[in-house]
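Since the structure comes first, as structure tokens, the remarks are kept for the end.
A short reminder: the numbers here are calculations on the coordinates, not readings from a lab. Everything numeric in this text was worked out from a predicted model, so none of it was measured. Methodologically, a virtual Cβ is constructed for each residue, glycine included, from the backbone with ideal geometry; neighbour enumeration extends over all protein chains shown.
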Amino acid sequence: MSVAIIFGTRPQIIKSAPIIHEALKSNLELKIIHTGQHYDYELSQVFIEEFNLPEPTVNLGVGSGSHAYQTGEIMLRLEKHLLRDKPSLVLVPGDTNSALAGALTSVKLGIPVAHIEAGARCYDMGMAEEINRRLIDHCSKLLFAPTLNCKKNLERESVIGEIHLTGDTMYDVFLKFKDKADRSDILERLELSNKEYGLLTLHRAENVDDPTRLKSILEGIGKANMEIIFPIHPRTANRLKEYNISLEHNKIRIIDPLGYIEMLKLLKHAKLVLTDSGGLQKEAFWSQTSCITLRDSTEWVETVEAGVNQIIGADSEKITKAIRAVEEKYESMKEKFTANPFGDGYAARRIVKAIESFANIK
Ligand code: UD1
């Protein structure tokens, strides 16, 4: 059976890596298609190298642009390849424009779609990712839910496809690389000490494309008592320039985007992480580091229910208060990282098995 996996962005490469490795061990014939949504070395190729993935068979080279441009252009470019290769199934991970375009193009050609990370919901249709994941789930034949909560969301929405509770492939990756991360020398290189700094990531359009919201977030974080390390996404770097925002006189230290292994190491040794990323909220949980989420909602409610992730939004005073709360309650927080609702590290194996049985039935 021939299967195509389509990705285009940093988090999608991470989510796909264990599936690609499992698929290569199976009888499936795998094609990897990169949409080119991310093209900087630090947002794409570094992960292909770190995870030792085969080079994608094709790169559609779509690059940056509006949602309509990215989605439409990927569809047009992808259609030609799918018509030529005629895969029996297309796999799309996550909720990016690349994932939506991959799912729509395939389903419209009559090729069944399998969605990795199905059922995640933050119930905020103001977020591009929420729109994307809802649409993908409703046109997928196989839905691989990372958590029980995601499975329940899909059941409530009466999706047409088959739901499989598999666990989270990001957790598979985390387990595989955590020892390697321990050996990274990034703390020494950045001259940081264990649990004496915070880590920040910020790139969501609703935060960084709005100058008032962006300034408010940075003002709140800038009042932290500890140094905050900020591996900056190019989108955010561009906005800081555009809005003339300088971080020179506060506690935030900007560094270049990091690869997966260095990021894991920084995350494990940080006192807290501030982020608007979805994946990092989960990685913080697995690293036993408290998280402050700079959004008004989250799809990873499991981390909030565990009491280790605060959904704070963009209000500067609330952010400063949340940082102080983590500092004060730091010792008692440690006990809260107990159950792991994200599976057992074998999500990719279950996904590949489910694809093989789908192929046998077909
Ligand atoms: C996309 C995803 C988001 C995911 C994120 C991970 C959508 C709607 N959003 O957001 O869900 O969390 O990837 O990073 O698909 N840029 C570069 N180099 C690159 C890529 C982007 O400089 O390699 C800059 C460009 O200025 C570009 C901007 O970043 O316009 C935004 O890139 P885009 O792909 O539109 O979205 P992300 O913010 O990366």
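The number of residues in segment 151-169 being assigned to a helix (DSSP H, G or I) and under 21 Å from Tyr123 (Cβ atoms) comes to 6. Does any residue of segment 272-291 turn out to be in contact with a Gly (Cβ under 7 Å, 6 or more places away or on another chain), part of a loop (DSSP other than H, G, I, E, B) and more than 15 Å from the ligand (Cβ to nearest atom)? No, segment 272-291 contains no residue that is in contact with a Gly (Cβ under 7 Å, 6 or more places away or on another chain), part of a loop (DSSP other than H, G, I, E, B) and more than 15 Å from the ligand (Cβ to nearest atom).
With respect to Asn59, is the statement that it is surrounded by fewer than 19 Cβ atoms within 10 Å (Cβ to Cβ) and in contact (Cβ under 8 Å) with a residue 60 or more places away in the chain true? Against the criterion (surrounded by fewer than 19 Cβ atoms within 10 Å (Cβ to Cβ) and in contact (Cβ under 8 Å) with a residue 60 or more places away in the chain), Asn59 does not qualify.
Any idea how many residues of segment 68-91 are within 16 Å of the ligand (Cβ to nearest atom), surrounded by 14 or more Cβ atoms within 10 Å (Cβ to Cβ) and not aliphatic (A, V, I, L, M)? Number satisfying all stated conditions: 5. Return the residue satisfying two criteria in turn: it lies in segment 184-209 and is of a type in the set (Asp, Glu) and closer than 30 Å to Met125 by Cα, and of such residues it is farthest from the chain's Cα centre (by Cα). Ranking the qualifying residues of segment 184-209, first place goes to Asp209.
Count of segment 246-271 residues, restricted to those that are under 26 Å from Ile116 (Cα atoms) and not in a helix (DSSP H, G or I), is 3.
Taking the options Ser158, Ser106, name whichever one is hydroxyl-bearing (Ser, Thr, Tyr), away from the ligand (no atom under 15 Å from the Cβ) and on the phi > 0 side of the Ramachandran plot. Going through Ser158, Ser106 in turn, the sole match is Ser158. The set of residues in segment 1-17 that are closer than 21 Å to Lys86 by Cα and assigned to a helix (DSSP H, G or I) contains only Ser16. Looking only at residues of segment 224-250 that are under 28 Å from Ala325 (Cα atoms) and among the polar types (S, T, N, Q), we find that the one that is farthest from the ligand (Cβ to nearest atom) is Asn225. Inside segment 26-38, residues that are outside any loop (DSSP other than H, G, I, E, B) and either on the phi > 0 side of the Ramachandran plot or in contact (Cβ under 8 Å) with a residue 60 or more places away in the chain (or both) make up a count of 1.
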